[in-house]
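Data first, discussion second: the structure below is written as structure tokens.
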Amino acid sequence: MHPVPPARERNMQFDTRPPHLDSVEARPVSELLACPPDTGNLLSACARSISFDAGQTIFRQAALCEGLYLVVSGQLVRRTERLDTRLVLGYARPGDLLELAAVLGDRMHTYSLIAQTPGSLVFLPLETLNQAFKTYPPLRMKLLEELAREVSRGYRACRISKMVHTRRRTPPLA
């Protein structure tokens, strides 16, 4: 039986992860939307629950974005059409916050969101978010930081996928 290392050594073991990976991990939604009580009450009062069935389209690419979506249950697929080709961008699962780029950018959906299973979302309308940004400006910054982490995660996933794909093509040594 191995003795339990002292607390200091246990902490050191957890610090062995490369620091650049910590910066791209998703933050809990409660942390992202943490704000003063008045702003929090505004967001809570205007949040709507949306139920969906398998196969239902939640929103379409190029449509006007009406707000943020938080996946509560179910699984959804992000799909886009580029150069007459349909591409699956990835999946959205419970806890995912969707459409940060559209809400914080040009207000246009860059992909379609389609339900693969029945489930539900919490929807925060854009008008309410804009009011929250005015009453508590750091909220916009938190969401911009999360968008940057989301882009970094996507970039990292593409790099890993490309490396795996490249390795598979390498012929075995004789």
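Couple of notes before you dig in:
- Pick from the range 48-90, criterion closer than 19 Å to Gly105 by Cβ and of a type in the set (Val, Ile, Thr), ranking: surrounded by the most Cβ atoms within 10 Å (Cβ to Cβ): Ile58
- Residue in the range 72-81 that is outside any loop (DSSP other than H, G, I, E, B), of a type outside the set (S, T, N, Q) and modelled with pLDDT under 90 present: yes
- Note on the range 81-103: residues that are in contact with a Cys (Cβ under 9 Å, 6 or more places away or on another chain) and β-branched (Val, Ile, Thr) amount to 1.
- Among the candidates Glu66, Glu99, Glu145, residue that is out of contact with any strand residue (DSSP E or B) (no Cβ under 9 Å at 6 or more places or on another chain) and under 20 Å from Leu43 (Cβ atoms): Glu145
- Number of positions in the range 116-150 that are over 21 Å from Ala34 (Cα atoms) and surrounded by 20 or more Cβ atoms within 10 Å (Cβ to Cβ): 1
The values are calculated or read from the model by the stated rules, or taken from the named source; none is laboratory data. Quick caveat: nothing in here was measured; it's all calculated off a predicted structure. Here Cβ is always computed from backbone atoms with ideal geometry, including for glycine, and neighbour counts include all displayed protein chains.
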